[in-house]
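A.B. asks: Mind looking over this structure? Questions follow.
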Amino acid sequence: MKAILFYIFSVLILACGIFTVTSRKIYRAAIFLLLTVVSVAALYFLMEYTFLGVVQLVIYAGGIVVLILFAVLLTHDSGSLLPPLGVKRTVATFALTGTGLTVFLYTILGRKVEPGSGEFNEPSVKMIGGQLLDLYNFGFVLPFEAISILLLAAMVGCIVLAMKFSKTMN
Amino acid sequence: MSYIENILSTSVSLLKGMKMTGYYFSHPKEIYTRQYPENRKTLKLPERFRAELTMPHDEFNRHRCSGCTACEIACPNGTIKVLTYMETTPDNKKKKRLDTFIYRLSMCTFCNLCVDSCPSDAIKFNQHFEHSVTERKQLTKVLNRQGSTVTDELK
Amino acid sequence: MIITALIIAISVITLFAVLGLVLVYMERKVAAFMQIRLGPMRVGPWGIAQTLADTVKLISKEDIIPNGADKFLFNLAPLMVTVIATLALAPLPFSDKWIIWDSNVGVFYVAAISSLTVISILTGGWASNNKYSLIGAMRSGAQIVSYELSVGLSLVAMVLLSGSLSFSDIVMTQQDAWWIFKGHLPAWIAFMVFIIASTAELNRNPFDLPEAESELTAGFHTEYSGMKFALFMLSEYINMFIVSAVAATLFLGGWMPLHFGQDNFFNHIMDYIPPLVWFAGKVFFIIFLIMWFRWTFPRLRIDQLLTLEWKYLLPISLINVLAAAWITVTGWHF
Amino acid sequence: MEQVQNIVSDRELQGSNLQTQEYFINVGPQHPSTHGVLHLKIKLDGEIIEDVDPILGYIHRSVEKMCEKLSYRQIIPITSRMDYLSAHINNQAVALAVEKAMAVEVPPRARAIRILMAELTRIGSHQLWWGVMGMDLGALTPFFWGFRDREMITEMFEETCGTRLTMNYIIPGGVATDVHPDFIGKVKNYIRHLRKKLPEYDEILTGNRIFIERTRGVGYLSPEEAVSFGCTGPTARGSGVSCDIRKWHSYDGYDKLDFNEVLFNEGDNLARYKVRIKEIWESLRIIEQVVENFPEGEVMGKMKKVIKLPKGEFYQRVETARGELGVYIVSDGGNTPYRIKFRSPNFSNLSVLKKIVVGSKIADMVATMSTLDLVIPDIDR
């Protein structure tokens, strides 16, 4: 049962991934990206790694894809077909992806993968939270705070850029 | 402080509105709906209500129309067409008689001008308001009945 | 395992159908009574079978796909919105035994799934190739994305108080009293923010800008007809049920009976009422509340909508999270 | 901060490289917010309206030309169909013009009935508008409450005039028939009912914060613009322009009654809204005064069977629920007018739309159109 579901989702991931890069309508590409992302989340759920699955949904599906869709909606002509790739670009794309695939396969195949013990315990939410905000025990509070400040700065910057200044303010 | 006041006053105004709708929700007596086809029997239309032009006939199948076409002239939009013929009376006088009284319901504006202009009260509006028909031509009606004659006093 | 899955699938679909019928009927009756009308009266006694008849009508209607629409996405959007509504149903405990998937991240999961609804609305609006639909889709995007924050933060406040992300655990923490009673002010504020913000996420009046009848005719689903329109409508009501169920579980104790104090006569009487009835009662109370909003208030303008979120709900819920954290740390709640 | 401002203003001066597209939408001729076959071509920048172009004529029936073929008595039912929500007052306008031309005295009872009918029409029209206003802003419930109260008025009309909407009741020389025997009692009942129900209007809509936010400061119409565009009625009175014909050019004995002209100075949607709500109260006062001293006697003055106006030009204005309705008759001495012209209030009120909605949001345009209280057949005639 699990194996069947795994293959279904894997095929979905691959097919939607391919459609994402080959679709000539930008909105459709974004929707295929969404399906890919959701299928990956489904794989996480299948492995009973629910927390990561939910995080995948929130950040990638609910956040990034929505952002992309929004950007697409704001541009006019979003319904028309994109121009087809030229020969040069096709060759370059194939070369790049080919290189990437080679490196990837080389690394994977070069390593010996040990079969796991079969038992997998998801870390509890409490543990994740504790680790994230822990000062000791290799806790991640420093990077966490650093990222918070970075995001805050980015947010303030966005607001400043988006604000309209009237002539009288100058 | 005005921030909190703002929130509170807004909530109060919204709750007032909800109180009103809540009142009507919990008082089904206030419901104003009248269920029309079901209440046909108890339906009372005001006696002056104008629904459809008719020509009353008495028990001897006689109407009161002398065919003077006053109504046809009074009608603002040509709803009525009065067709007449000449009849020779026994005392050898020529008299106008009503042949067909055509009433196009589809054009009528129910303004009552025809009834007002009629010198002999031959036509009047009834309260039959359900006009819907399946074909347009059914809206063109002949008001005088088959074989009807004019009343004696108008002869 | 396959059989269990099948049973669950069938029961969920049945629940969908029944909920859709019941909630649409309820909405029409509530609206009618507030508007001094009788509402549907013809089909069956008191018009009970009206929604059934409407469904038959919707199924038999012509399915129109407008010229120039993106056919694939146009057909996908109503499917997506229904699937998303189905997914969110999984971790909700209907009673002490009835729960489809007792996940340890249930609250987080529901929040994550409900953030996907906006995609189907955006897709539906964009694929219709209609200017009104596009404006409606844009509005719904801005609206849902902003109000998600408040929903999330009010959920966080409750998660802090109860100390768990799992719905069944949260219900168990309310054995002695519901959170709305023992959570002090933060629980109240979280409850109100949650109701307001989730009404906005549901695109219901006074936040129904994406479909604003008088401005955009029907907004993102202007071009939808027949069963596809019905799917949009159905998922709106299912989402309403889910939101109300979440609110009932987090704030009103889910399937827990009303208890006061310890072991007394009143509590024993309350225990006799089955948990499913308790759950349904609370859910329908909140659904009624949301319907009450809809039939009372005028619609907000888009800038006022965003002002409400960013200037009022978001700061309030941020402070509320802080207060909830303080209460949890000091253990002030009962 | 200053640097950022400079960068931003520099970019604004140079013109951004990003191309934006104007967005045309057609509102109407079939659209829930236009309440009829009005067509607005709107140019949008996001949600903000850059240009509005009203397109008229979808329901043009050439009423004025039709009237040239009709006798003065036949014109009356046609006028009911212009501003169908003020049918009585439209009839009254033509009747008054004819009476003025022929110098006919109208009996006091007929005049009292006319005032009663006109004020009931005004209340009914404002109630319908109130409900529709709520509906335009997204609150559906007021619509039904407004219609409930208007229904009672319509029933009284039905009993006396025989029709509910297109009356043909106020005719040259008086009124068509005397009022129904139950009429006065029903009016008294209705006053009691409305005095109880009108505060509910305030509770559900007027006091509602969302409603106030949606209307206050929106759609500002300055008094100068109101005058220069020829706005009349509640639209102009919301901007503080005193233009009540009942006060300024009194007819049918309005000058003997005690009532106030409702004026608000804010000029926004809320002011126009308040004018109409207050006018309902004032109309109630007028009706009470008339009902208390309801004269007996004839309801029809001395009129010839065939009405022929003397050669000349005649003008009569009345205050409909929407503003000043003028009837201009040129007669060549025959029994039909040589030329008749209606100065309809809605046409002028619509013309100001572009002036007050450009720069506001779509939702504001709907609210503003609603407070202008347009009746499309009156615009097109």
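The values are calculated or read from the model by the stated rules, or taken from the named source; none is laboratory data. Computed from a prediction, not measured in an experiment: that's the story for all the values here. A quick note on method: Cβ atoms are made from the backbone with ideal geometry, for glycine too, and the neighbour counts reach across all protein chains shown. Protein only, heavy atoms only, side chains kept; ligands, DNA and RNA dropped before computing areas. Shrake-Rupley method; radii C 1.70, N 1.55, O 1.52, S 1.80 Å.
A.B. asks: Tell me, yes or no, whether region D:336-358 has at least one residue that is surrounded by fewer than 18 Cβ atoms within 10 Å (Cβ to Cβ), in a loop (DSSP other than H, G, I, E, B) and at pLDDT below 85.
C.D. replies: There is no residue in region D:336-358 that is surrounded by fewer than 18 Cβ atoms within 10 Å (Cβ to Cβ), in a loop (DSSP other than H, G, I, E, B) and at pLDDT below 85.
A.B. asks: Residues C:Thr51, C:Thr4: which one is in a helix (DSSP H, G or I), in contact with a Pro (Cβ under 9 Å, 6 or more places away or on another chain) and outside the structural domain of C:Asn205 (by TED's automatic domain parsing)?
C.D. replies: C:Thr51
A.B. asks: Taking region C:182-229 as the search range and keeping residues that are part of a helix (DSSP H, G or I) and among the acidic types (Asp, Glu), which one is surrounded by the fewest Cβ atoms within 10 Å (Cβ to Cβ)?
C.D. replies: Looking at the filtered set, the residue picked out is C:Glu213.
A.B. asks: Do you know which residues across region D:281-327 are without any contact (Cβ under 8 Å) to a residue 24 or more places away in the chain and over 18 Å from D:Ile115 (Cβ atoms)?
C.D. replies: Residues satisfying the conditions are D:Lys304, D:Lys305, D:Lys311, D:Glu313.
A.B. asks: Evaluate region A:14-22: report whether one residue or more is closer than 30 Å to A:Ser80 by Cβ and facing another protein chain (nearest Cβ under 10 Å).
C.D. replies: Scanning region A:14-22 turns up no residue that is closer than 30 Å to A:Ser80 by Cβ and facing another protein chain (nearest Cβ under 10 Å).
A.B. asks: Which of the numbered conditions does C:Thr86 fail, given that it passes all the others? Conditions: (1) surrounded by fewer than 17 Cβ atoms within 10 Å (Cβ to Cβ); (2) in the same structural domain as C:Ala111 (by TED's automatic domain parsing).
C.D. replies: (1)
A.B. asks: Sticking with this one: With the requirement that a residue be open to solvent by 10 Å² or more (accessible area, probe 1.4 Å) and part of a helix (DSSP H, G or I), what does region D:130-147 give you?
C.D. replies: Within region D:130-147, D:Val132, D:Met135, D:Phe143, D:Phe144, D:Phe147 qualify.
A.B. asks: Would it be correct to say that D:Ser250 is within 29 Å of D:Asp202 (Cβ to Cβ) and surrounded by fewer than 20 Cβ atoms within 10 Å (Cβ to Cβ)?
C.D. replies: Here the answer is no, as D:Ser250 does not meet what is asked.
A.B. asks: Considering region B:10-45 alone, what residues qualify as being more than 8 Å from chain D (Cβ to nearest Cβ), surrounded by 16 or more Cβ atoms within 10 Å (Cβ to Cβ) and more than 38 Å from the chain's Cα centre (by Cα)?
C.D. replies: B:Met18
A.B. asks: Between D:Asp182, D:Asp258, which is touching a residue at least 24 places away in the same chain (Cβ under 8 Å) and either touching a Lys or Arg at 6+ places or on another chain (Cβ under 6 Å) or open to solvent by 10 Å² or more (accessible area, probe 1.4 Å) (or both)?
C.D. replies: Only one candidate passes the filter, namely D:Asp258.
A.B. asks: Among (1) in a helix (DSSP H, G or I); (2) touching a Gly at 6+ places or on another chain (Cβ under 7 Å); (3) acidic (Asp, Glu), there is one condition D:Glu105 misses while meeting the rest; what is its number?
C.D. replies: Single failed check for D:Glu105: (1).
A.B. asks: Name the residue, out of C:Glu223, C:Glu215, C:Glu211, that is assigned by TED's automatic domain parsing to the domain that holds C:Gly106 and under 12 Å from C:Ile121 (Cα atoms).
C.D. replies: Sole residue among the options that is assigned by TED's automatic domain parsing to the domain that holds C:Gly106 and under 12 Å from C:Ile121 (Cα atoms): C:Glu211.
A.B. asks: Looking at this structure, is A:Tyr60 open to solvent by 60 Å² or more (accessible area, probe 1.4 Å), touching a residue at least 60 places away in the same chain (Cβ under 8 Å) and aromatic (Phe, Trp, Tyr)?
C.D. replies: No.
A.B. asks: Quick one: A:Tyr49 ticks every box in (1) of a type outside the set (Val, Ile, Thr); (2) open to solvent by less than 80 Å² (accessible area, probe 1.4 Å); (3) away from chain C (no Cβ under 11 Å) except a single one, so which number is it?
C.D. replies: Of the numbered conditions (1) of a type outside the set (Val, Ile, Thr); (2) open to solvent by less than 80 Å² (accessible area, probe 1.4 Å); (3) away from chain C (no Cβ under 11 Å), the odd one out for A:Tyr49 is (3).
A.B. asks: Within region D:205-239, take every residue that is open to solvent by 30 Å² or more (accessible area, probe 1.4 Å) and outside any helix (DSSP H, G or I) and give me the one that is nearest to C:Arg294 (Cα to Cα).
C.D. replies: So the residue we want is D:Gly207.
A.B. asks: Residue under question is C:Phe285, and the condition is that it be facing another protein chain (nearest Cβ under 8 Å) and among the hydrophobic types (A, V, I, L, M, F, W, C); does it hold?
C.D. replies: Considered against the rule, which asks whether it is facing another protein chain (nearest Cβ under 8 Å) and among the hydrophobic types (A, V, I, L, M, F, W, C), C:Phe285 comes out as no.
A.B. asks: Then there's this: Here is a list of conditions, (1) open to solvent by 90 Å² or more (accessible area, probe 1.4 Å); (2) in a helix (DSSP H, G or I); (3) in contact (Cβ under 8 Å) with a residue 12 or more places away in the chain, and A:Leu33 meets all of them except one; can you say which number that is?
C.D. replies: All conditions are met except number (1).
A.B. asks: Sticking with this structure for a sec: Check B:Asp99 against each of (1) within 12 Å of chain D (Cβ to nearest Cβ); (2) assigned to a strand (DSSP E or B); (3) at pLDDT below 85 and name the one condition it does not meet.
C.D. replies: In the conditions (1) within 12 Å of chain D (Cβ to nearest Cβ); (2) assigned to a strand (DSSP E or B); (3) at pLDDT below 85, B:Asp99 misses (1) alone.
A.B. asks: All but one of (1) at pLDDT 85 or above; (2) within 29 Å of D:Val357 (Cβ to Cβ) hold for D:Gly207; state the number of the condition that does not hold.
C.D. replies: (1)
A.B. asks: Counting only residues that are more than 9 Å from chain A (Cβ to nearest Cβ) and of a type in the set (A, V, I, L, M), give me the helices (runs of 4 or more DSSP H) lying completely in region C:76-172 with at least 3 of them.
C.D. replies: Passing ranges, in order: C:131-162, C:167-172.
A.B. asks: Could you please find all residues in region D:152-164 being out of contact with any Lys or Arg (no Cβ under 9 Å at 6 or more places or on another chain) and facing chain B (nearest Cβ under 10 Å)?
C.D. replies: D:Arg164
A.B. asks: Restricting attention to region B:73-83, and to residues there that are more than 9 Å from every other protein chain (Cβ to nearest Cβ) and open to solvent by less than 50 Å² (accessible area, probe 1.4 Å), which single residue is farthest from B:Leu139 (Cα to Cα)?
C.D. replies: Only one residue tops the list, namely B:Val82.
A.B. asks: Here's a check for you: in region C:50-83, which residue that is open to solvent by less than 30 Å² (accessible area, probe 1.4 Å) and of a type in the set (Gly, Ala, Ser) is modelled with the highest pLDDT?
C.D. replies: C:Ala77
A.B. asks: From (1) in contact with a helix residue (DSSP H, G or I) (Cβ under 9 Å, 6 or more places away or on another chain); (2) part of a loop (DSSP other than H, G, I, E, B); (3) open to solvent by less than 50 Å² (accessible area, probe 1.4 Å), pick out the condition that doesn't hold for D:Val290.
C.D. replies: (2)
A.B. asks: Residues in region C:232-284 that are part of a helix (DSSP H, G or I) and free of Cβ contacts under 8 Å to residues at least 12 places away in the same chain: how many?
C.D. replies: Matching residues across region C:232-284 total 9.
A.B. asks: Every residue in region A:77-86 that is within 17 Å of A:Arg28 (Cβ to Cβ) and either facing chain C (nearest Cβ under 10 Å) or open to solvent by less than 60 Å² (accessible area, probe 1.4 Å) (or both), please.
C.D. replies: Residues satisfying the conditions are A:Ser78, A:Gly79, A:Ser80.
A.B. asks: Another question, if that's okay. If we scan region D:99-109, do we find a residue that is away from every other protein chain (no Cβ under 14 Å) and closer than 21 Å to D:Gly185 by Cα?
C.D. replies: Yes: region D:99-109 contains one or more residues that are away from every other protein chain (no Cβ under 14 Å) and closer than 21 Å to D:Gly185 by Cα.
A.B. asks: While we're on this one: Taking region D:40-73 as the region of interest, how many residues are more than 14 Å from chain B (Cβ to nearest Cβ), among the charged types (D, E, K, R) and not in a strand (DSSP E or B)?
C.D. replies: Selection size over region D:40-73: 2.
A.B. asks: Let me ask you something else. Would you say A:Gly98 is open to solvent by less than 80 Å² (accessible area, probe 1.4 Å), part of a helix (DSSP H, G or I), at pLDDT 80 or above and outside the structural domain of A:Cys16 (by TED's automatic domain parsing)?
C.D. replies: For A:Gly98, the condition - open to solvent by less than 80 Å² (accessible area, probe 1.4 Å), part of a helix (DSSP H, G or I), at pLDDT 80 or above and outside the structural domain of A:Cys16 (by TED's automatic domain parsing) - is met.
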